[in-house]
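Novice: I'd like to ask some things about the structure below.
Derivation of every value follows stated rules applied to the coordinates shown; laboratory data play no part. On a predicted model such as this, the values are computed, not experimentally measured, just so you know. Neighbour counts are summed over all protein chains in view; Cβ atoms, including those assigned to glycine, are modelled from backbone coordinates with ideal geometry.
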Amino acid sequence: MPMKQLGFYEPTSPPVVTSKVVIISGAVTDNYSTHEPSGVTRGFDLRTGQLVWAFDAGNPNPNELPSDTHQYVANSPNSWITSSYDAKLNLIYIPTGVATPDIWGGHRTPDQERYASGLLALNADTGEKAWFYQTVHHDLWDMDIPSQPSLVDIHQADGTVVPAIYAPAKTGNIFVLDRRTGVPVVPAPETKVPQGAAPGDHLSPTQPYSELTFRPKNNLTDADMWGATMVDQLVCRIMFKSLRYARFPGNLGMFEWGGLAVDPVRQIAFANPIAIPFVSRLIPRGPNNPAKPAESGAASGSELGIQPQYGTPFGVELNPFLSPFG
C-alpha cells in the first residue's frame with residue numbers, strides 16, 4: 001500500500017496476544033479519499049516478530065501476503081476497536097469498519113463490501129475465516145461495531161449453554177451470536193428501511209434489526225426540539241423541518257468505545273447508550289471543492305466538520321444537530 005501521506009493508518013487499540021501470535025489491526029482516516037491505506041489485520045509470531053498471516057478484507061484472497069508483486073489493497077475495511085479472543089475455540093473476533101469514504105459508497109467494490117461493518121471470526125493461528133456476520137449492509141453512515149465484543153455463556157431454560165458473543169453496534173442493536181458459528185442466538189430479522197440514495201449510489205432495501213436493542217422507539221419530531229429560549233427552540237424546529245430526516249442516532253451511534261459489562265452469574269448485561277442526532281450534508285464538487293487533494297495533503301484527524309471524500313462526487317459536512325446559538 002504505497003501511501004505518501006503520514007498518519008492515515010494507526011493502531012488505535014491494544015493487540016490481541018495468544019500463546020503463538022500477536023494480532024494487530026488499525027484505524028484509517030475517515031472520509032479523506034478513495035485511495036487510503038488498507039485496513040489489514042496482521043498476525044505476527046509471538047517470539048520472532050515475523051509476519052505469519054494477514055487478513056486484507058478488500059482483497060479477493062484476503063489471506064494473500066505482501067510480496068514483490070503484491071501490496072495490500074487500498075481502502076480495505078479496517079478494524080479500529082479492540083478485538084476479542086476465545087482461547088478454547090482459538091478464534092479472534094474482529095469488529096470491522098466500512099471502506100472509506102464512509103458517507104458515499106457508489107465506488108465500492110463487492111470485495112470492499114464483503115467484510116465491511118460486521119463481526120469477523122478468524123482462526124488466530126492462521127488468519128483463516130471461520131465466519132462473518134454483517135451488521136449493516138452497504139454502510140453509508142459509519143455505523144460499525146464501536147466496542148469490544150463481550151464473550152458470554154448463555155444458560156438457556158432447557159439447561160443447555162450456548163457460547164455467545166455480544167456485539168453492540170452504533171445503530172443501537174446488540175447482536176447476540178453463537179461464537180462458534182456466527183448464527184444469531186437472539187433473532188435479528190432483515191427489516192425494510194427508508195430509501196433515497198444520493199446520485200450514483202444505492203441503499204440496501206433491508207437491514208438486520210436485533211430483537212435486543214437500544215434503538216430509539218420513536219422518531220424525532222419538531223415537537224422534540226429544545227432551546228434555552230422560545231426563539232432558540234423555534235429556530236431548532238425550523239432547522240429540523242428543513243432537513244431530510246429518516247432515523248437517529250447519528251455517526252457517534254448508540255454505543256461507542258465503552259461497550260457492555262456482563263454479569264455472568266445473573267446473566268445481566270449493563271450498557272451505557274447514547275443518542276446524539278447528526279446532520280450529514282453532501283457537498284457536490286465545484287471550484288471550492290476539488291476532486292483531488294494537493295500533493296502535500298495531510299490527514300484531517302477529525303470525524304467532524306467538512307471532509308473532502310476525494311475520488312467521489314461529493315465532499316461531506318458532518319456535525320451534531322445543535323442550535324446555531326451554541
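Novice: Pick out which of Asn59, Asn31, Asn219 has the largest mean-square fluctuation in a Gaussian network model of the chain, springs linking Cα atoms closer than 10 Å.
Specialist: Taking springs between Cα atoms under 10 Å, the residue moving most is Asn219.
Novice: Report the gain in length on full extension from Asp86 to Ile306: 0.36 nm times residue separation, minus Cα-Cα distance, nm rounded to one decimal.
Specialist: Extending this stretch completely gives an extra 75.2 nm.
Novice: For the pair Asp68 and Glu211, what calculated FRET efficiency results from E = 1/(1 + (r/R0)^6), where r is the Cβ-Cβ distance and R0 = 51 Å, to the nearest 0.05?
Specialist: Rounded to the nearest 0.05, the efficiency is 0.50.
Novice: If you rank Val316, Val183 by fewest surrounding Cβ atoms within 10 Å, what's the result?
Specialist: Neighbour counts put them in this order, fewest first: Val183, Val316.
Novice: Also: With the contact rule set at Cα under 8 Å and sequence spacing of 6 or more, what percent relative contact order holds for the range 9-320?
Specialist: Once normalised by length, the contact order is 14 percent.
Novice: Let me ask something additional. With r as the distance between the Cβ atoms of Leu6 and Leu243 and R0 = 30 Å, compute the FRET efficiency 1/(1 + (r/R0)^6) and round to 0.05.
Specialist: E(calc), rounded to 0.05, equals 0.25.
Novice: For the range 69-179, what does the relative contact order come out to in percent, with C-alpha contacts under 8 Å and a separation of six or more?
Specialist: Computed over the range 69-179, the figure is 21 percent.
Novice: Quickly work out the Met230-to-Asp158 label distance, labels modelled 7 Å from Cα along the C-beta direction, and quote it in nm with one decimal.
Specialist: Result for the modelled spin labels: 6.3 nm.
Novice: Measuring from label point to label point, each 7 Å out along Cα→Cβ, what is the His202 to Gln50 span in nm?
Specialist: That separation, rounded to one decimal, is 4.5 nm.
Novice: Given the options Pro77, Pro14, Pro313, state which has the largest fluctuation in a GNM of the chain using a 10 Å cut-off (strictly under) for Cα springs.
Specialist: Most flexible of the set in this elastic network: Pro14.
Novice: In addition: Over the chain, what per residue volume does the convex hull of the Cα atoms give, in whole Å³?
Specialist: Per-residue hull volume (Cα only) is 155 Å³.
Novice: How far apart, in nanometres, would the label points at Ser19 and Glu190 be if each is projected 7 angstrom from Cα along the Cα-to-Cβ direction?
Specialist: 4.1
Novice: Something else about it: Hey, can you grab everything whose amide H is under 5 Å from the amide H of Phe321? Only 5+ residues off in sequence or another chain; H modelled, so Pro and N-termini drop out.
Specialist: Excluding prolines and chain starts, which carry no amide H, the hits are Phe278, Val279.
Novice: By per-residue mean of other Cβ atoms within 10 Å, what is the highest-first order of 228-241, 166-179, 79-92?
Specialist: Top of the packing list down: 166-179, 79-92, 228-241.
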